[in-house]
Amino acid sequence: MPDWADVGQLSRWVRRPLWGWILLGLGWLGIVGGLVPEATAVRVSRLGWPVLLFLVLVKPVADLCAEAGLFRVAADRLARLARGSATALFWLFAALATVTTVLLSLDTTAVLLTPVGLALARRLRLDPRPFAFAAIWIANSASLLLPVSNLTNLMAHQRLGGDFVAASWRAQLGVLAVTALVLGLRWGRRFSGRYRVPAPEPIPDRVLLVVTGSVALALGPLLVAGVPAWLVAAGGLLVVWCAFAVRRHPAAAPRRMARLFPLEVAAGVLGLFWLVAGLGERVAGALPPVEPGVVGQLTVAGIAALAANLLNNLPVFLALEPWAGGGSGLVALLVGVNVGPSVLLWGSLANVLWWQSCRRHGVRVGARRFAAEGLLLVPLAVAVGALLA
């Protein structure tokens with residue numbers, strides 16, 4: 001058993017990285033100092049805690065899936081299914097990213113699927129950047145259809161209820177069509193050749209592979225069935241950790257497990273929730289009423305996309321939701337905060353998680369490059385989605 005009395009090790013873990021705890025402290029100061037009304041802080045916390053708990057619990061599931069070799073095996077199967085066609089491989093990966101986002105959420109795609117694309121590129125000696133950008137573009141763009149597809153949807157679902165899919169499907173199809181077009185024009189031409197189909201890679205522990213794969217596949221149906229997202233993630237984590245413990249895998253050690261929980265990210269987002277919601281309510285109060293029809297939908301989506309890139313999409317949704325109204329206005333708001341944050345890295349949690357995955361796998365994408373690529377997609381995708389809201 002690890003020595004949890006080692007206060008120095010534990011304190012270093014708590015401080016990792018510092019920015020999240022600084023944002024949480026700033027948010028608390030905003031409440032104490034009156035910048036954020038107490039009622040706003042309570043409302044934001046009530047809406048946000050299930051979302052943040054889901055994030056904290058699903059990240060270790062993804063990391064343990066990686067430890068079991070799930071990504072490497074998935075990459076191997078895709079490479080063999082494409083039968084040596086680089087074009088087929090790229091679009092198979094894009095299709096898998098779409099299904100994963102719709103059923104498992106964009107954060108799951110950013111964490112689970114990005115390593116699959118990067119592992120494919122490394123093994124087949126292909127350029128990893130098209131797979132990386134396909135993963136994050138689709139993660140943001142395919143996140144409109146179901147309540148579980150995006151953390152913002154989970155909050156909007158409280159207002160739309162059973163009408164969510166009926167309200168969002170047209171915008172989702174339009175955004176996906178634009179994303180496929182831009183992906184094909186920007187990256188598809190790089191995959192016109194062929195590659196040598198690799199031999200199957202050995203599986204180090206088939207039991208862990210089956211358990212992690214089963215959990216990953218079960219997350220989507222359970223979420224669609226209406227089970228609370230945080231409870232699904234908690235159950236999946238318990239099953240996976242027990243399997244690792246029974247197999248005596250080093251990743252099951254408490255100290256290693258503790259490092260997998262992104263508490264610093266959740267803390268920073270909660271602080272942002274408080275600050276942006278408090279400030280946003282004042283700003284939203286100064287905005288003109290939303291006009292009915294296409295003009296209003298484009299205005300809501302455009303303002304939401306701009307604000308989400310600058311401040312992060314989750315707190316921006318909370319701040320602008322009362323102003324956007326219901327029906328098409330709320331769907332246009334989702335278009336802006338879901339699809340829009342593909343320009344600045346801090347625009348969504350999925351971007352941050354994706355960026356961390358890329359760095360861990362040796363692919364470095366700077367903020368300027370991310371913004372330049374995102375500007376090829378976002379304006380057209382947001383406009384089409386807003387028109388169809």
Exercise. With every protein chain left in place, what is the accessible area per residue of the chain in square angstrom, probe 1.4 Å?
Worked result: 43
Problem set entry | region 161-304 - Debye-derived log10 I(q)/I(0), Cα point model, q = 0.17 Å⁻¹ | -1.21
Exercise. Ratio of Rg to Rh for the chain, alpha carbon only, Kirkwood?
Worked result: 0.97
For this session: Between the alpha-carbon centers of region 103-146 and region 323-389, tell me the distance in whole angstrom.
Result: 14
Exercise. Considering only DSSP states other than H, G, I, E and B, which trypsin sites (Lys or Arg not before Pro) in region 250-351 qualify as loop sites with at most 16 other Cβ atoms within 10 Å?
Worked result: Arg259
Exercise. Anyone know which of Val197, Val116, Val215 comes out most mobile in the 10 Å Cα GNM of the chain?
Worked result: Val197
Seminar exercise, completed: Loop-resident trypsin sites (Lys or Arg not before Pro) in region 83-160 with no more than 16 other Cβ atoms inside 10 Å, DSSP not H/G/I/E/B, are Arg83, Arg125
Exercise. Given a Förster radius of 51 Å and the C-beta distance between Val42 and Glu201 as r, what FRET efficiency does 1/(1 + (r/R0)^6) yield to the nearest 0.05?
Worked result: 0.50
Problem set entry | Percent of C-alpha pairs per 5 Å bin, region 35-153, short to long | 2, 12, 19, 20, 17, 11, 7, 5, 3, 2, 1, 0
Problem set entry | Residue with peak Gaussian network fluctuation, the chain [Cα springs, cutoff 10 Å], from Val300, Val232, Val337 | Val232
Problem set entry | Estimated inter-spin distance, Ala367 and Trp169, nm [label 7 Å along Cα→Cβ] | 4.1
Problem set entry | Cleavage-rule hits (trypsin sites (Lys or Arg not before Pro)) in region 317-365: DSSP loop, at most 13 neighbouring Cβ within 10 angstrom | Arg364
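The values are calculated or read from the model by the stated rules, or taken from the named source; none is laboratory data. Computed from a predicted structure; not experimentally measured. In this analysis, Cβ positions are derived from the backbone assuming ideal geometry, glycine residues included, and neighbour counts consider all displayed protein chains. Ligands, DNA and RNA are excluded from the accessible area calculation, which covers all protein heavy atoms including side chains. Shrake-Rupley method; radii C 1.70, N 1.55, O 1.52, S 1.80 Å.
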